[in-house]
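What follows is one structure encoded as structure tokens, with my remarks underneath.
The values are calculated or read from the model by the stated rules, or taken from the named source; none is laboratory data. Fair warning: this is a prediction, and the values are worked out from it, not measured in the lab. Glycine also receives a Cβ, built like all others from the backbone with ideal geometry; neighbour counts cover every protein chain displayed. Heads up: the accessible areas ignore ligands, DNA and RNA and are worked out on the full protein's heavy atoms, side chains in. Shrake-Rupley method; radii C 1.70, N 1.55, O 1.52, S 1.80 Å.
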Amino acid sequence: MFRICFYFGFVLILFYSRVFLMELLSPSMLFGIFDRAGSAKIHHYTFVIKEATYARLCNHTKTILTVNGLYPGPTVSARKGDIVYVQVINKGNKNITIHWHGVNQPRDPWSDGPEYITQCPIKSGANFTQRIQFTEEEGTLWWHAHTEFDRATVHGAIVIYPKFGTSSPFPKTHKEFTLILGDWWNANITDVYDNAMQSGCDFQISDANTINGQPGDFAPCSANDTFKVQVEQGKRYLFRVINSAMRTEFFFAIAGHNVTVVGSDASYTKPYVNEYIMITPGQTFDLLLEANQLINSSAPYRYYIYATPFFDGNVAGPRDPNTTVAILEYKIKGITPQLKPVSPSLPNFDNTSAATMFTAGLRSLASYDHPVSVPQTVDISMYITISINKKQFPTGVCAGPIGRPFAASMNNASFENPQLDILDAYYSSISGVYSTDFPDQPPFVYNFTDTDFPRQLFVVDKSTKVKVLEYNTTVEIVFQGTNILGGENHPMHLHGHRFYVVGSGFGNFNNQTDPLSYNLVDPPLMSTIGVPKNGWATIRFREANPGVWFMHCHVDRHMIWGMDAVFITKNGNSTDANILPPPADRPRC
């Protein structure tokens, strides 16, 4: 009896000691304790930002910014429920931040990464340890730089496996491959950024598109370095596809094979078989492939993996038309003759119907183990126009429309980064950094998809506006594309959240008839969604993540021009609904 009483007394002491520790210890110390005591596993990575020399396109050699000298950078792997600590050591020649794209980061915007939104940049010679929590995500995401044009070379994959004891809801695969779609400039990336900012003109077009950093067979002097994957006949494979490109949407296909979409943005989907996918900048897809070719010895055994640009905009405008390829090869015994791979048949670069048809087929899995939680009612309704504009004041030398530098806007507000990050200003109640008047509706109502606009709609003022939301409110946003200065697709990305895409269409949104077609049963759960040219897309989400969260177009030149907004979510009424305190080593402005 004495031993039993002693045992239970000891357990009670441990319990109350743990509660006491929760009140006394810093978040990092506290999570360290629970990580060791609980089921979550802790992973540690070191990211060293440094220059490295790379050559592409006929040995055009240049120095690029990398993580650990790699392009693309290292893959971060974990399981759902795990926590990853990444020490970012900046040995590069410029300041930088790192963002964990699509990770909710509950209560912890301090590690989210966008410069002057949730942190000041990590200065050259300094370091910052970021904590990434995988609480809901399962599948494929990615990380990238969130400063200037740096993510062109500073990016890599994130792979989140199911928790131990659980499994993916699709058939077991023999092996998996990660394919990162990107782009390559022969020019120095910093020069590309500086030239555009100083002139006020559009950004220089890339010289090639890439798969895992390689332009592929069709680019000059690139065939020998084309990325290859090997498969065995009769086996099943998982392809993790990430679009890291700075501005390009892609049709993606593997010749001779259909693919089955089973996940997007680290959320499972109903199995969706198609000949191709359309993937917009920032998005990820998980695809199953059945290696069912090479039926006999005379059958083809090499197949191109194609990523060809989709461009739904003014065909006279600047675009990168270059198709990039990798190669899928079947393993065969003996010497492999060098046969030309089979090419797929893909939609034309401007086939909007094909892109729309693919996107419309995406559905959440909505199963017992992977349920949906679509808000059926809405507390906050926002109607946000997204436009390409011109700056009010004619600085720069750009000779574009109406002779002013480019800008971009949401509800006619063109975002400007402050000098102190908004998160610090909000947390420490520092005034004068931002205003809380981001509008729920556009200030002017007109035919947003017309081809003729009043001159005053071209020009916008720069500002730093935020939208303040109460904790646990449900939010609906209708993104409305406009045709000012020529419309195009806009991939909208929201930090700190994933959202349900409940509807989309073309033309001006009609708030009486268009909601009748919403999917409130099994819409896809995503963190990045393409708003069609001269069309609209509606998202819904519950705002239950206290902190400061960035929302922006993932075409980087649009983000840099000001197609951005910030949400500030207030604390809730309980301790576990409050933003965590800031880490001691966070960068300072």
Amide H contacts under 5 Å for A40, placed H, 5+ residues apart: none
For the range 433-439, in residue order, the Karplus 3J(HN,Hα) values (coefficients 6.51, -1.76, 1.60; θ = phi - 60°; whole Hz; Gly and Pro = x) are 8, 8, 10, 9, 10, 4, x
The range 142-200 - Debye-derived log10 I(q)/I(0), Cα point model, q = 0.16, 0.21, 0.24 Å⁻¹: -0.69, -0.92, -1.07
Per-residue HN-Hα couplings for the range 165-175 [Karplus 6.51, -1.76, 1.60; θ = phi - 60°; Hz; x = Gly/Pro]: x, 10, 9, 5, x, 10, x, 4, 10, 6, 6
For the chain, give me the percentage of DSSP beta bridges that are antiparallel, rounded to the nearest 5 percent. 70 percent
Full-extension gain between Q87 and E416, please, as 0.36 nm times their residue separation minus the C-alpha to C-alpha distance. 115.6 nm
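Using only the Cα atoms, work out Rg/Rh for the range 96-241, with Rh taken as the Kirkwood radius, to two decimals. Write out the running numbers ahead of the final one.
Working: Rg = 18.7 Å, Rh = 18.2 Å.
Looking at the range 96-241, the ratio lands at 1.03.
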Within the range 193-270, what whole-number % of the accessible surface is contributed by carbon and sulfur, with the 1.4 Å probe and all protein chains included in the calculation? 42 percent
Whole-number percent relative contact order across the range 376-529, with pairs defined as alpha carbons under 8 Å at least 6 apart: 29 percent
Note to self: C-alpha centroids of the range 63-91 and the range 154-169 sit apart, in Å, by 16 Å
On a 29 Å Cα-Cα criterion, which of the cross-link pairs K91/K465; K533/K570; K465/K533 come out too long? K91/K465; K533/K570
Would you give the gap between the C-alpha center of the range 93-129 and the C-alpha center of the range 436-491, rounded to a whole Å? 27 Å
Work out the length of the dipole vector of the chain about its Cα centre, built from +1 on the beta-carbon of each Lys and Arg and -1 on the beta-carbon of each Asp and Glu, and round it to the nearest 20 debye. 1360 debye
Charges at C-beta only: +1 for Lys and Arg, -1 for Asp and Glu. How large is the resulting dipole of the range 365-505 about its Cα centre, in Debye rounded to 20? 480 debye
Residues meeting the amide H criterion for V459 (H placed from the backbone, H to H distance under 5 Å, 5 or more places apart or on another chain) are K390
Convex hull (Cα only) mean projected area of the range 77-123, reported in nm² to one decimal: 3.9 nm²
Compute the whole-percent fraction of alpha carbon pairs in the chain spaced more than 40 Å apart. 25 percent
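If contacts are Cα pairs under 8 angstrom and at least 6 residues apart, what is the relative contact order of the chain in percent?
With pairs under 8 Å counted, the relative contact order is 14 percent.
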Placing +1 on each Lys and Arg Cβ and -1 on each Asp and Glu Cβ in the chain, then taking the dipole about the Cα centre, the residue among Q230, H552, T61 whose Cα reaches farthest towards the positive end is Q230
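Could you calculate the contour length gain from R588 to S429, that is, 0.36 nm times the residue separation minus the distance between their Cα atoms, to one decimal place in nm?
55.6 nm
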Cα-Cα separations in the range 445-493 greater than 15 Å, expressed as whole percent: 64 percent
Hey, what number do you get for the chain at 222 nm if only DSSP H runs of n ≥ 4 count, each worth -39500 (n - 2.57), divided across all residues, to the nearest 500? -3500 deg cm²/dmol
Whole-Hz couplings from phi, Karplus 6.51/-1.76/1.60, listed for the range 134-141; x for Gly and Pro: 9, 8, 10, 6, 7, x, 10, 9
Nearest 0.05, what FRET efficiency do D350 and V445 give at R0 = 30 Å with Cβ-Cβ as r? 0.50
Could you list which residues have their amide H under 5 Å from that of F218, counting only those 5 or more apart in sequence or on another chain, with H placed in the peptide plane? V325
Counting only complete DSSP H runs, which helices of the chain cover 18 Å or more along their long axis at the Cα atoms and score a mean Kyte-Doolittle of 0.5 or above? 2-24
I'd like the FRET efficiency for S343 and I295, computed as 1/(1 + (r/R0)^6) with the beta carbon distance as r and R0 of 22 Å, rounded to 0.05. 0.70
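If you take the Cα atoms of the range 173-293, find Rg, then find the Kirkwood Rh from the mean of 1/r over all pairs, what is Rg/Rh?
Dividing the radius of gyration by the Kirkwood radius yields 1.04.
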Take the Cα atoms of the range 342-470, build their convex hull, and give its volume per residue in Å³. 275 Å³
In nanometres, what is the gap between the two model label sites at S77 and E136, each 7 Å from Cα along Cα-to-Cβ? 2.7 nm
How much length is gained on full extension from N578 to K62, taking 0.36 nm per residue of separation minus their Cα-Cα distance? 181.1 nm
By average C-beta atoms within 10 angstrom, highest first, the peptides 477-490, 575-588: 477-490, 575-588
Relative contact order of the range 486-589, pairs being alpha-carbon contacts under 8 Å that are 6 or more residues apart, as %: 31 percent
